[in-house]
Amino acid sequence: MHARPRFLLAIDSGTTSTRAIVFDALGQVVAAAQREIQQYFPHDGWVEQDGDEIWASTIDVCREAIATAGIDAEDVLAIGITNQRETTLLWDAGTGRLLHRAIVWQDRRTADDCTRLKSEGHEAAVIDKTGLLLDPYFSATKLHWLLENVPGARQRAKEGGLRFGTIDTFLLWRLTGGKVHRTDATNASRTLLFNIHTQQWDPDLLALLDIPASLLPEVLDCAAEFGVSEPGLLGAAIPITGMAGDQQAAMIGQACFHPGMAKSTYGTGCFVMMNTGTSPVRSRNRLITTVGYRLDGRTTYALEGSIFVAGAAIQWLRDGLKLIHHAGETEALAGQAGETCGVYLVPAFTGLGAPYWDPKARGAIFGLTRETGIAEIVAAGLQSACFQTRDLLEAMNADGTSPITTLRIDGGMVNNNWMAQALANVLGVTVERPRITETTALGAAYLAGLKQGLFRSLDDIAVLWRCERAFAPQMDPERQAQLYRGWLDAVNRVRNQT
Ligand SMILES: Nc1ncnc2c1ncn2[C@@H]1O[C@H](COP(=O)(O)OP(=O)(O)O)[C@@H](O)[C@H]1O
Ligand SMILES: O=P(O)(O)OC[C@H](O)CO
C-alpha cells in the first residue's frame, strides 16, 4: 500500500483578504485561493469587519485550494492558522452568534480610554508585563468597549456565557464546531492582557481593564494540538497543529531564527520584527516587545515596529481616489515619477503607529506643484511605506540592537520592484525578497508540519529559505539623507492634532 501524500493547508486570515494555500512537504505552493474582505469605516478612526464574512470566506478558500490542488481532504496532514492580530470578536458560548462586528486592529475608538489609563499612571506596569504600550491598537480596550456598549454583554460575560477571541481563536472555534476555545502565545501577546514573562493571562491587567477571565481562551505553544476540524466542513477531520499571528508567522516563514535576524512584511500595514532570542529586549524608543514564537514551552522574543498603513495607502489610491484600477499598476506609474519628485504622502488615516504612537494624527500630502500628477502621488504612496520602515530601523538602532545589514521582505506590496528598490535606497541596506513571498501562510504551514513531525526542527525549515532577488541600495547617501529629512518634516506637520 502507498503512503498517502502529505500536504499542509495554511489559512491566512489577513486584513485585506482571506487566503488558503496548500503546501507540499518542501514548502512549495501547490495551490492557493483568495477572497477580498469588506472593511467598514462607520466613524472617523473606526474600522470594522464582519466576522461571519471572514468565516464564510475561510471555508470557501480552503475548499477551493484543496480542489485546485487536485487532492483529497484526507491528504492534508494538518492545518496551520495565521491571522491579522489584535482584531477583537465576542460571541455567545452557546449559540456561537457574534455580538458585534469585529473591531479591527487599526480602529482608534478607544484612544480616550488609553489616554485616561496613561494619565492614571498605568502605562509603566503595562509595558513591564506585556511589552506593549497603552494604545488602542491592542485588543483589551476594544474588548472592554464591546462589554460596555453591546446591550447585555457585561451581564452575559459575568455569567460566563460569552467568549472572546482574536481571529485565530474564532476560526478555531468554528472549525471545531464550537468545541475548542484556544489561542497561541503570539496572538495572546497582542491582547494587553497576557504577561509575556510568566506566559499567563495577568490577573492585575484583567482587573485594570475589567475583563472577566471566563472570556479568555487557553494559551498553547505555536506548534500544538489545537483541535480537529469538523469532518463536514472540509471533507475530513483534519488536525489543526499550527498557529501564530501573521507577523510572527512571517518571521518563521522567513526563517529568522537567530538573534539579530529581521523581516519586514508589507500587507495592509507594515511590521518589522527582529528576533532577540530567549530574553525579551525592552525598547527605549517606543517599539514593542512581543512573543516571536513559543515552541516546546520555550519562548523566543522579538522587537517589533508596527506601521498601520502600508498597502492600505495603495488601496486608498485605488478605492478612495480612484487614481488606479489595480495595485499592480503602481510599479510603472511610480517609475515615471522617480524617487525624488518632492511629494510626501503621510498615510496617518488612523493615526500613527511606531515609533510615534499618535492616535490623533491624520494624513496629508505635501510638496504639490503644478507638475504633480497621478504618478507622483502614487510614488509618494509607495515611498511612505519605505520612509516609515526607516523610522523603525532608526528606533531599533537607537535601542542598541545589532544594526540590520540585510532585511528580508515579504507581503503583497513587495511584488512591486520599484517599491523594493526604493526601500533599499531609503534604508541604505540590502533587502532580500524570498522565492515565496506568501511567507505568512508558509510560516503557519511550517508550524503545523513541525508538530506533525514533517520537519524535525527549525533547522530543517531554515534550509528551505531561498532568495529570489536582492535589492542593494543605489542612492547617493547625501541624497538619501535629504529625502528622509523631508519625510521627517512632513510627519512633524501631521502630529499632535487635537
Ligand atoms: N504590486 C503591488 N504594488 C503595491 N501594492 C500592492 C501590490 N500588490 C498588492 N499591494 C497591496 O498589498 C496589500 C495586500 O497585501 P497582503 O499581504 O495580501 O495584505 P494582508 O495580509 O493585509 O491581507 C494591499 O493593501 C494592496 O494594496
Ligand atoms: O493584515 P496585515 O498582514 O497587514 O497584518 C495585520 C497585523 O497583524 C496587525 O497587527
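The values are calculated or read from the model by the stated rules, or taken from the named source; none is laboratory data. Remember, predicted model here, so these are calculated numbers, not experimental data. We place every Cβ from the backbone using ideal geometry, glycine too, and count neighbours over all the protein chains shown. The protein model used for the area step is the full one, side chains on, heavy atoms only, and it has no ligands, DNA or RNA in it. Shrake-Rupley method; radii C 1.70, N 1.55, O 1.52, S 1.80 Å.
Here are the numbers for this structure:
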quantity	calculated
Residue under evaluation Glu468, criteria (1) free of Cβ contacts under 8 Å to residues at least 12 places away in the same chain; (2) open to solvent by 40 Å² or more (accessible area, probe 1.4 Å); (3) over 30 Å from Gly342 (Cβ atoms), criterion not met	(1)
Which listed residue is touching a strand residue (DSSP E or B) at 6+ places or on another chain (Cβ under 9 Å), open to solvent by less than 20 Å² (accessible area, probe 1.4 Å) and β-branched (Val, Ile, Thr), from Thr437, Thr330, Thr389, Thr405	Thr389
Selection status of Glu331, within 16 Å of ligand 1 (Cβ to nearest atom), outside any loop (DSSP other than H, G, I, E, B) and assigned by TED's automatic domain parsing to the domain that holds Met413	yes
Flag for Leu317 being over 17 Å from Glu86 (Cα atoms), at pLDDT 95 or above, assigned by TED's automatic domain parsing to the domain that holds Val414 and within 16 Å of ligand 1 (Cβ to nearest atom)	yes
Single condition Gly305 does not satisfy, out of (1) at pLDDT below 95; (2) open to solvent by 20 Å² or more (accessible area, probe 1.4 Å)	(2)
Unique residue being in the same structural domain as Gln315 (by TED's automatic domain parsing), within 16 Å of ligand 1 (Cβ to nearest atom) and either over 15 Å from the mean Cα position of the chain (by Cα) or aliphatic (A, V, I, L, M) (or both) when the list is Ala422, Ala441	Ala422
Matching residues in the range 95-125 - criterion: being under 21 Å from the mean Cα position of the chain (by Cα), over 18 Å from Gly305 (Cβ atoms) and not polar (S, T, N, Q)	Arg101, Ala102, Ile103, Val104, Asp107, Arg108, Arg109, Ala111
Where Glu64 falls short, out of the listed (1) assigned to a strand (DSSP E or B); (2) more than 16 Å from ligand 2 (Cβ to nearest atom); (3) open to solvent by 10 Å² or more (accessible area, probe 1.4 Å)	(1)
Hey, Thr191 β-branched (Val, Ile, Thr), over 30 Å from Glu64 (Cβ atoms), without any contact (Cβ under 8 Å) to a residue 60 or more places away in the chain and assigned by TED's automatic domain parsing to the domain that holds Leu26 or not	no
The range 30-47 - residue that is out of contact with any Asp or Glu (no Cβ under 7 Å at 6 or more places or on another chain) and part of a strand (DSSP E or B) and, of those, nearest to Gln106 (Cα to Cα)	Glu36
